[in-house]
Amino acid sequence: MNTIIEPFKIKSVESIYFTTTEQRKSILEKACYNPFRIKAKDVLIDLLTDSGTSAMSSNQWAGIMQGDESYAGSPSFFRFEESVKSITNMPLVIPTHQGRAAEKIIFTILGGKGKYFISNTLFDTTRANIEFSGAEGIDLICEEGKHPSIPAPFKGNMDINALQKTIVNIGAENIPMVILTVTNNSGGGQPVSMQNIKEVQKICTENKIPLFIDACRFAENAYFIKMREKGFADKSIAEIANEMFSYADGCTMSAKKDAFANIGGFLAMRDLDLAMQCRNLLIVTEGFTTYGGLAGRDLEAIAIGLQEIMDEHYLQYRIRSIEYLTNKLIEAGVPVMQPAGGHAVYIDAKKFLSHIPVEQYPGQALVCSLYEQGGVRGVEIGSLMFGKYDKAGKLIPAQLELVRLAIPRRVYTQSHIDYVSEVIIEVYNNRTGIKGLTIIEETPMLRHFTAKLSPVL
Ligand code: F0G
């Protein structure tokens, strides 16, 4: 038997909404060619994000009924804390309402002008929180990670030589933290190897720089290690996760990803002084230390989801389903990031729409075409998201122009995915008629969420 089946049965369903191409054309125009501005009811297959969009299990829903809403010392917090500790072995666990709240707290404390945070690749909210504090973020992705079409097992790895050089250039005293994003979301959902985590830790220890893990997709990363790295085939996901976290001083987590929760996150760490500062700020901005902006029922859903995500039948199906869509696109000649990542398919928009210059945002143009063609909503991860301007107002483009189709966990079936592949291939076959876009309104930070665009005539 070769078919890897969905490892669940469906107990409850939600309708999806159908629209015509004509309707979608007008919806796109009204949304100023920015799918973040489109109503979810106007989307057929929503691949905007895998964050907070998971289908929870019957166990999680049962856990929700056990949620204890005490302001202080809720038993739900202790179940949550225990679940986080069992994976990270970190003694100090601080709940937050989502990942970026954890980021805001840690970077407010450690950031500020003159400080530099080094990463394989910082996610957009992570970079924004670093920059908001006045500090700067530096991405040091390995060479393989810069080439979308060349497969390699661990394209999320950090460039170790570049890390060493950067520490010498900047001075360890100006680097409050190195952060490894696992898997590397903005770089194609590609994993980081255990070897790389170990090497980064060695350099951090030598230079007395704390190492943190952005752990949103820790289980997907652990599964890739099991599949691809020598010596891990017989280890359980929990054992691999334990080892990954053993090299880190702390972590930030969005429970909206690898905890199957619709909201939530946390900080975990080993340093008591730092934890006390984080807790003080938590009380001011999020809530008391045993709920941190979450309801007791959310803590229960996360506690259960964190354990469920490590089920190998689930992870096998998860990774396989992303690979299934990626392979269909490769067969049709569509340029995609290779190999398949852990949570999403990444289309190389620069190649897909080679007639559109980066100043006309080929990624965003592709996102709009996929919506128009089939009601499929994805997100641009390119120069709209990460582009900056030089002093003369000229665009400094992002390293890659990608379109991400993120697959929500346990939500869509194989026929939904088959449909998505048909839409993409149809758009690919008619790509020469697609036009670029120009920005007509934008904000100084995280502009992709709200920017207004119009087609270049
Ligand atoms: N770090 C990574 C690697 C992420 O992918 C995200 C969120 C965050 C931090 C922030 O977490 O949303 O709970 O505040 N990524 C989502 C995405 C939004 O679509 O990839 P959050």
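The values are calculated or read from the model by the stated rules, or taken from the named source; none is laboratory data. Just so we're clear, the structure is a prediction, and the values are computed from it rather than from any experiment. Glycine also receives a Cβ, built like all others from the backbone with ideal geometry; neighbour counts cover every protein chain displayed. Keep in mind that these areas ignore ligands, DNA and RNA; they rest on the heavy atoms of the full protein, side chains included. Shrake-Rupley method; radii C 1.70, N 1.55, O 1.52, S 1.80 Å.
Given the conditions (1) in a loop (DSSP other than H, G, I, E, B); (2) within 26 Å of residue 387 (Cβ to Cβ), which single one is not true for residue 252?
Result: residue 252 passes all but (1).
Tell me which helices (runs of 4 or more DSSP H) are completely within the stretch 16-120 and hold 2 or more residues being closer than 21 Å to residue 297 by Cα and either assigned by TED's automatic domain parsing to the domain that holds residue 172 or touching a residue at least 60 places away in the same chain (Cβ under 8 Å) (or both), or say none if there are none.
58-65, 75-88, 99-110
Go over the candidates 405, 370 one by one and state the one that is in contact with a strand residue (DSSP E or B) (Cβ under 6 Å, 6 or more places away or on another chain) and either among the polar types (S, T, N, Q) or within 16 Å of the ligand (Cβ to nearest atom) (or both).
The conditions single out 405.
Looking only at residues in the stretch 335-355 that are assigned to a loop (DSSP other than H, G, I, E, B), touching a Lys or Arg at 6+ places or on another chain (Cβ under 7 Å) and more than 16 Å from the ligand (Cβ to nearest atom), which one is most open to solvent (accessible area, probe 1.4 Å)?
Only one residue tops the list, namely 335.
Could you check the stretch 89-107 and list, in sequence order, the residues that are within 14 Å of the ligand (Cβ to nearest atom), farther than 13 Å from residue 259 by Cβ and not small (Gly, Ala, Ser)?
Within the stretch 89-107, 97, 100, 103, 104, 105, 106, 107 qualify.
Show the residue pairs meeting these rules: Cβ distance below 7 Å; 6+ apart or different chains; first residue within the stretch 186-215 and charged (D, E, K, R) and modelled with pLDDT of 95 or more; second residue away from the ligand (no atom under 13 Å from the Cβ) and not in a helix (DSSP H, G or I).
From the stretch 186-215, the pairs are 198/247.
Could you run through the stretch 322-334 and say how many residues are at negative phi and open to solvent by 20 Å² or more (accessible area, probe 1.4 Å)?
Counting residues in the stretch 322-334 that are at negative phi and open to solvent by 20 Å² or more (accessible area, probe 1.4 Å) gives 7.
Exposed (fewer than 13 other Cβ atoms within 10 Å of the Cβ), among the hydrophobic types (A, V, I, L, M, F, W, C) and not in a loop (DSSP other than H, G, I, E, B): which single residue out of 424, 417, 440 fits that description?
440
Output the residue which, of all residues in the stretch 178-217 that are assigned to a helix (DSSP H, G or I) and over 23 Å from residue 147 (Cα atoms), is farthest from the ligand (Cβ to nearest atom).
Within the stretch 178-217, the match that is farthest from the ligand (Cβ to nearest atom) is 206.
Looking at the structure I just gave you, is residue 175 within 19 Å of residue 127 (Cα to Cα), open to solvent by 20 Å² or more (accessible area, probe 1.4 Å) and touching a residue at least 24 places away in the same chain (Cβ under 8 Å)?
It is false that residue 175 is within 19 Å of residue 127 (Cα to Cα), open to solvent by 20 Å² or more (accessible area, probe 1.4 Å) and touching a residue at least 24 places away in the same chain (Cβ under 8 Å).
Listed residues 58, 86; which is within 27 Å of the chain's Cα centre (by Cα), more than 16 Å from the ligand (Cβ to nearest atom), open to solvent by 60 Å² or more (accessible area, probe 1.4 Å) and among the hydroxyl-bearing types (Ser, Thr, Tyr)?
That would be 58, the only listed residue that is within 27 Å of the chain's Cα centre (by Cα), more than 16 Å from the ligand (Cβ to nearest atom), open to solvent by 60 Å² or more (accessible area, probe 1.4 Å) and among the hydroxyl-bearing types (Ser, Thr, Tyr).
Restricting the search to the stretch 4-55, which residues are within 16 Å of the ligand (Cβ to nearest atom), of a type in the set (Asp, Glu) and surrounded by fewer than 18 Cβ atoms within 10 Å (Cβ to Cβ)?
None; the set is empty.
Can you list residue pairs whose Cβ atoms sit under 9 Å apart, with the first residue in the stretch 248-274 being of a type in the set (Lys, Arg) and the second being within 10 Å of the ligand (Cβ to nearest atom) and part of a helix (DSSP H, G or I)? Count only pairs 6 or more apart in sequence or on different chains.
256/99; 257/99; 257/185
Name the residue, out of 358, 403, that is within 15 Å of residue 448 (Cβ to Cβ) and either open to solvent by 10 Å² or more (accessible area, probe 1.4 Å) or more than 23 Å from the chain's Cα centre (by Cα) (or both).
Only one candidate qualifies: 358.
Could you grab me the full set of residues in the stretch 166-185 that are at pLDDT 95 or above, within 23 Å of the chain's Cα centre (by Cα) and not aliphatic (A, V, I, L, M)?
176, 181, 183, 184
Here's the yes/no breakdown for (1) in contact with a Ser or Thr (Cβ under 7 Å, 6 or more places away or on another chain); (2) more than 15 Å from the ligand (Cβ to nearest atom); (3) open to solvent by 10 Å² or more (accessible area, probe 1.4 Å):
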| position | (1), (2), (3) |
| --- | --- |
| 236 | no, yes, yes |
| 239 | no, yes, yes |
| 247 | no, yes, yes |
| 257 | yes, no, yes |
| 270 | no, yes, yes |
| 278 | no, yes, no |
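Could you tell me which of the residues 259, 241 is of a type in the set (A, V, I, L, M) and touching a strand residue (DSSP E or B) at 6+ places or on another chain (Cβ under 8 Å)?
After ruling out the rest, the residue left standing is 259.
For the stretch 361-400, which positions are open to solvent by 10 Å² or more (accessible area, probe 1.4 Å), part of a helix (DSSP H, G or I) and of a type in the set (Ser, Thr, Tyr)?
369
Checking the conditions here, which among 159, 124 is of a type in the set (D, E, K, R) and either modelled with pLDDT of 95 or more or touching a Ser or Thr at 6+ places or on another chain (Cβ under 6 Å) (or both)?
After applying the criteria, what remains is 159.
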